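The structure under discussion appears below in the form of structure tokens.
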Amino acid sequence: MALQLSVAARNASLDALEVATGTAPTLTIRTGAPPSDCAAADSGTVLATITLPSDWLAAAADGEKELLGTWQVLGAAATGTAGHFRIKQGSTCHRQGTVSQRAADGGTGDMKLDQATAGIVAGQIVTVATFTTTAGGA
């Protein structure tokens, strides 16, 4: 049997991850595949950088946490196809994953943009539509 946790334990672990990351972390959206893990060096070209709100994830419920507030930058830094993201506090990467277009247009990334493609053009507004983290042990 696989390890199982109560919903309360899963919610607590997710809330603790947000606390460990800190308030107002930086989200970078980059080209290419994510590095092997959060400890690896950054890779790809930075397309957009977003300073997240001080309370950037909703309270955990049913073993999941979703983005809170608006995750948006008014001018992308470069042109390219979004491939991955990193969420950092200072220089420490706490989370990373894949980026895609919105789910309605076939997006399957861990984070989905609010647009029909994952292509970003320098200067455009970039908005994250969905980001959900699910705790293991269900």
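Details
- Strands (runs of 3 or more DSSP E) contained in the stretch 23-97 and holding at least 2 residues within 13 Å of the chain's Cα centre (by Cα) and small (Gly, Ala, Ser): 80-89
- Residue match in the stretch 56-69 (condition: basic (Lys, Arg), farther than 19 Å from Ala116 by Cα and touching a helix residue (DSSP H, G or I) at 6+ places or on another chain (Cβ under 9 Å)): yes
- Residue within the stretch 96-115 that is hydrophobic (A, V, I, L, M, F, W, C), open to solvent by less than 20 Å² (accessible area, probe 1.4 Å) and more than 30 Å from Gln4 (Cα to Cα) present: yes
- Identity of the residue in the stretch 22-35, aliphatic (A, V, I, L, M) and closer than 15 Å to Gln72 by Cα, that ends up surrounded by the fewest Cβ atoms within 10 Å (Cβ to Cβ): Ala24
- Residue, most open to solvent (accessible area, probe 1.4 Å), within the stretch 36-56, restricted to residues that are over 23 Å from Glu66 (Cα atoms) and not hydroxyl-bearing (Ser, Thr, Tyr): Ala39
- For the stretch 91-138, a residue qualifies if it is at pLDDT below 95, out of contact with any strand residue (DSSP E or B) (no Cβ under 6 Å at 6 or more places or on another chain) and closer than 28 Å to Ala9 by Cα, and the qualifying residues are Ala135, Gly136, Gly137, Ala138.
- Single condition Val19 does not satisfy, out of (1) closer than 26 Å to Ala138 by Cα; (2) without any contact (Cβ under 8 Å) to a residue 60 or more places away in the chain; (3) surrounded by 19 or more Cβ atoms within 10 Å (Cβ to Cβ): (3)
The values are calculated or read from the model by the stated rules, or taken from the named source; none is laboratory data. The shown structure was predicted, so the numbers you read here are calculated from the model rather than taken from an experiment. Counting neighbours? That spans all protein chains shown, and the Cβs are built from the backbone with ideal geometry, glycine included. Note: areas computed on protein heavy atoms with side chains; ligands, DNA, RNA excluded. Shrake-Rupley method; radii C 1.70, N 1.55, O 1.52, S 1.80 Å.
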